[in-house]
Every structure is written in structure tokens, then in C-alpha cells.
Amino acid sequence: MDKTLSSSINFAYSAPAMTCPGCQAQTPLTWERYFSSPLGHTCPKCEKHFKFPLTARHFSVLALAGLAAGALPTILVDLATQSLGIGLIAGWFVALLVILPLDRWMDDHYSEGKLLD
Ligand SMILES: [Zn+2]
């Protein structure tokens, strides 16, 4: 599938999506866009730059989800290896598996973008 066709299909089947604060165009926040623009996004329609500020609510949800997901692996790996360091690394890894998709999903569905220029 060529890139143009695949992005138009994504566009058609993904409401809601992240909304450009400049022109209100909705664009799905794909993994490619998520990782290629950690400091801000460029609207494909009006080419304005915007980002999603980290709000207290957004941070709290991610922190709680990360703690909930990472606590048990940390304890289990700590017990199994007798190393808190390795346990914390394992816990962080599992927490990131939850935090990254959740962060992307929240930006895509709920976060309000702020124009950067
Ligand atoms: Zn725009």
C-alpha cells in the first residue's frame, strides 16, 4: 500500500483525532508522528506548529498508570534477581509499555494543542 493511500485511509477512519489549534484540521496522531515530533507537531494542512502542553491531569494519569503497571514487575524481578536495580529497570520497561500508548491516545483524543508560532 503506498503512503498516500494509507494516510488517506487513516484520515477517513480515525475520528476523533488530534486537532490543529490553527485551522481545526483533524489529523491522526500516528506512532510515526508521535516519535518524530516530541517537541511539537506540524499541521499537514496549514503547516502551523503546535504542541500539547503537559497538564497536571495528563501527567497524573500517566504517573498513576505507570506506577500501577510497573510496581508488580519491579517487585517480582527484585525478588527473583535479588537486585532492586534490575527490578526498577524491568518496572520502568513495563511502565513505558503502558505510558507511551496512553500518552499518544490522550494527545490524539483529548489534549488541546497550543500554537507555537
Ligand atoms: Zn492547521
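Some observations on this one:
- Cβ-Cβ contacts under 7 Å between residues 6 or more apart (or on different chains), taken from a first residue in segment 50-76 that is touching a residue at least 60 places away in the same chain (Cβ under 8 Å) and within 15 Å of TRP105 (Cβ to Cβ) to a second residue that is of a type outside the set (Ser, Thr, Tyr) and surrounded by 17 or more Cβ atoms within 10 Å (Cβ to Cβ), are listed as PHE52/ASP107; PHE52/GLY113.
- Selection within segment 38-49: residues that are in contact (Cβ under 8 Å) with a residue 12 or more places away in the chain and of a type outside the set (A, V, I, L, M, F, W, C). The member of this set that is farthest from ILE86 (Cα to Cα) is LYS45.
- Number of positions in segment 20-32 that are within 9 Å of the ligand (Cβ to nearest atom) and at pLDDT 90 or above: 6
- Some residue of segment 55-68 being closer than 16 Å to GLY113 by Cβ and crowded, with 16+ Cβ neighbours inside 10 Å: yes
- Of the residues making up segment 41-54, those that are part of a loop (DSSP other than H, G, I, E, B), over 12 Å from the mean Cα position of the chain (by Cα) and surrounded by 15 or more Cβ atoms within 10 Å (Cβ to Cβ) are CYS43, LYS48.
- Residues of segment 23-39 that are assigned to a loop (DSSP other than H, G, I, E, B) and among the small types (Gly, Ala, Ser): ALA25, SER37.
- Residue tally, condition of a type outside the set (Val, Ile, Thr), outside any loop (DSSP other than H, G, I, E, B) and farther than 28 Å from THR30 by Cα, over segment 71-117: 11
- Looking at PHE50, PHE11, PHE35, just one residue is within 14 Å of the ligand (Cβ to nearest atom) and either modelled with pLDDT under 90 or under 25 Å from VAL94 (Cβ atoms) (or both), and that residue is PHE11.
The values are calculated or read from the model by the stated rules, or taken from the named source; none is laboratory data. Please read all numbers here as calculations on a predicted model, not as lab measurements. A quick note on method: Cβ atoms are made from the backbone with ideal geometry, for glycine too, and the neighbour counts reach across all protein chains shown.
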